Amino acid sequence: MKVYRTKKGIITESVGKFYIIEEDWDQFINNDHVIEKVTSHIASSQAINNAGDILSKELLLPVASQELWACGVTYLRSKEGRQEESKGAGGGDFYARVYEAERPEVFFKAASHRIVGHRSQVRIRKDSSWDVPEPELTLMVTSSGKIIGYTIGNDMSSRSIEGENPLYLPQAKTYDGCASVGPCIYLTDKPIDKNTAIKLDIKRKDQTVFYGEVLLSQMKRSPEELVSFVYRECSFPHGCLIMTGTGIVPGNEFTLQIGDEIHITIDPIGTLVNQVA
């Protein structure tokens with residue numbers, strides 16, 4: 001089932017029907033038993049018939065007080081891309097090492113005021129000359145460390161800044177409009193199928209200028225492993241969202257431009273769409 005955060009409350013979608021729950025998002029989503037709670041609510045509630053109008057006009061970012069963290073170099077293609085962009089600065093070896101190391105790369109990505117939702121604008125830095133979106137399966141994790149669902153994430157990244165020096169990672173990754181997540185949280189008590197594909201379609205003036213896809217089976221580390229490192233010495237009183245890394249890296253000749261439209265699809269979650277500003 002899917003849950004959407006809206007101005008009218010929390011909209012749940014199950015078997016083609018929609019229901020509304022009036023509850024604080026932080027309290028609702030940070031619950032190890034949220035699936036059972038939603039199932040019980042659906043069984044005792046009437047479906048609403050105006051969900052389409054609410055979701056098209058009043059959809060909110062599915063984040064309130066949660067932090068957004070991210071993981072890097074979890075796919076072979078990401079390792080290769082990072083080595084390419086940083087070889088001039090002598091930093092390529094760092095990425096090869098972290099790909100093989102026991103400890104993964106994890107970092108704080110953004111607080112909620114720097115994240116945007118579905119159909120909102122992500123940004124490229126004014127001091128960057130080489131920018132890409134990074135489409136990522138994103139975990140919804142409770143305070144206890146339990147994965148209760150998944151969403152779609154776009155980890156916007158400045159390849160020119162990170163490539164200049166790996167120590168510039170925070171500047172390359174964290175700024176206003178540096179990430180988007182949505183459009184919903186897909187609640188499930190089962191691991192997502194490893195044969196699920198992440199698809200990236202970048203349009204410029206209604207024409208596709210880049211398309212790529214990757215299977216989750218190509219991810220080197222498991223979601224549970226990534227959660228264990230993020231939670232190792234950090235507490236999350238409202239839960240946490242964790243981006244799991246990208247396996248789609250456009251070629252060196254590609255950079256985003258203002259006005260581009262980014263479409264990221266992960267079935268059965270849906271499609272996250274953002275315009276570049």
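The values are calculated or read from the model by the stated rules, or taken from the named source; none is laboratory data. Note that the structure is predicted; figures quoted are calculated from it, not measured. Cβ: placed from backbone, ideal geometry, glycine included. Neighbour counts: every protein chain shown. SASA here: full protein model, heavy atoms, side chains in, ligands and nucleic acids out. Shrake-Rupley method; radii C 1.70, N 1.55, O 1.52, S 1.80 Å.
Observations, loosely collected:
- Screening T208 on (1) among the β-branched types (V, I, T); (2) in a strand (DSSP E or B); (3) in contact (Cβ under 8 Å) with a residue 60 or more places away in the chain shows it passes everything except condition (3).
- The residues listed here are A101, A110; of these, the one that is open to solvent by less than 50 Å² (accessible area, probe 1.4 Å), farther than 27 Å from Y4 by Cα and out of contact with any Pro (no Cβ under 8 Å at 6 or more places or on another chain) is A101.
- Within the range 35-122, helices (runs of 4 or more DSSP H) holding 2 or more residues that are closer than 29 Å to V273 by Cα and modelled with pLDDT under 95: 76-86
- Any hit, the range 181-192, residues being open to solvent by less than 10 Å² (accessible area, probe 1.4 Å) and either farther than 28 Å from T142 by Cα or in contact with a Leu (Cβ under 6 Å, 6 or more places away or on another chain) (or both): yes
- Answer residue from the range 220-277, given it is open to solvent by 10 Å² or more (accessible area, probe 1.4 Å), within 14 Å of the chain's Cα centre (by Cα) and among the small types (G, A, S) and is farthest from E134 (Cα to Cα) among those: G270
- Residue within the range 245-266 that is assigned to a helix (DSSP H, G or I), hydroxyl-bearing (S, T, Y) and within 16 Å of L68 (Cα to Cα) present: no
- Which listed residue, of D189, D176, D201, D193, is more than 15 Å from the chain's Cα centre (by Cα), within 20 Å of H118 (Cβ to Cβ) and assigned to a loop (DSSP other than H, G, I, E, B): D176
- If you go through the range 148-170 and pick out every residue that is acidic (D, E) and at pLDDT 95 or above, you end up with 1.
- Pairs with Cβ under 6 Å, 6+ apart, first in the range 104-124 and hydroxyl-bearing (S, T, Y), second modelled with pLDDT of 95 or more and part of a loop (DSSP other than H, G, I, E, B): S112/V63
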